[in-house]
Structure formats: structure tokens, C-alpha cells
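A short reminder: the numbers here are calculations on the coordinates, not readings from a lab. Treat the numbers as computed from the prediction; the structure is a model and nothing was measured. As a convention, Cβ positions derive from the backbone with ideal geometry for all residues, glycine included, and neighbour counts pool all protein chains shown.
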Amino acid sequence: MRTIGRILARLIVASIGYVIACLAVGAAISGTIVANAWLGGEIATPMAHLTVESLFFGGVLASLAAVHGFAPAVLAIVVSEVFGIRGPLYHVLCGGLAGALGHVAASPPAWSEAAGALDPAVGGRLPLFVAAGLIGGFVYWLVAGRGAGVLREPAA
């Protein structure tokens, strides 16, 4: 009975960690797009309006990241839980891979409109998604990854 409770607890912690990591991914992508447009002189609005718009835009991007990166992220989380992988390097690299796979899985028209401020000629969006995935992987490790594999430990 204790094992079922521990599994449920890890499931809840992993779910919360995934949601927070997706929010971090959305914030990273949104912040990069806004900074790119603002520093490029394309945005001449006051910073207060820019902050409200970027928060909404970050929420939209976080939900898209959650959808498109779900399968690779869940696979990485299950592997880390089963094998007790607690290292930050594993989670960060898996986050980058999930970001890359999420970019490939995303439909180009949706991301093209959402990331219109990015110039594909400068490097495209793939490096941005990989970097955001690395950030998401690190945030997941901070929230839930450090306790992965708790079922492998002997019960006290």
C-alpha cells in the first residue's frame, strides 16, 4: 500500500514539474521573441503594454510547448523514474531533445505566425526551441527530477 502512495506522489510531483517546465519554456520563447523585436526596433510601444502582451503570448507558447513536447518529455520522465536518473545533465539534454522534437512536430503555419518576430534567415527557430527545451529540462530537474527513482530506494 505504501508503494501505491509513493507512485501517486511521484506522479503528482512529475505532473507539477512538467507544467512548471512548460511555463518556463513559454516564458523563454516569448521573452526571446519580444527581446528580438524590441532590440531590433520593431516595437515602439511602452514597456507596460509589451509586458501584458508577452505574458499572454508566453501562456499561448507554453500550452503549445506542452502539447508538442509531451510524448518525448513523458518518455524521458518515465525512464528517469524507472532507472532512478537524478542528474541535471540527463534532464537538460532530454529537455533540449524534447524542444527539438516539439519544433519538428509543430505545424509550421502556427509557429510562423506566433514567432513572426524571428527571422528564419538569422538561424531559424530550431535553436530557440532547443534552448527553451534545455531551460525546461533544467526547471523540471529543479522541481521534480532531483527526486526521481524514489521507488528504487528501500522502504524505511
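Tabulated data
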| read-out | value |
| --- | --- |
| Ranked packing of 62-71, 136-145, 25-34, most packed first, by mean Cβ within 10 Å | 136-145, 25-34, 62-71 |
| For the stretch 15-25, Karplus couplings with θ = phi - 60° (6.51, -1.76, 1.60), whole Hz, Gly/Pro x | 5, 5, x, 5, 5, 5, 5, 5, 5, 5, 5 |
| Calculated FRET value between PHE56 and ILE12, using beta carbons and R₀ = 22 Å, to 0.05 | 0.20 |
| FRET efficiency, 1/(1 + (r/R0)^6) with R0 25 Å, evaluated for ILE4 and VAL74 via beta carbons | 0.80 |
| Extension reserve of the SER63-ARG86 stretch, reckoned as 0.36 nm per residue once the Cα distance is removed | 5.7 nm |
| R0 of 22 Å, Cβ-Cβ distance LEU126-LEU93: FRET efficiency to nearest 0.05 | 0.90 |
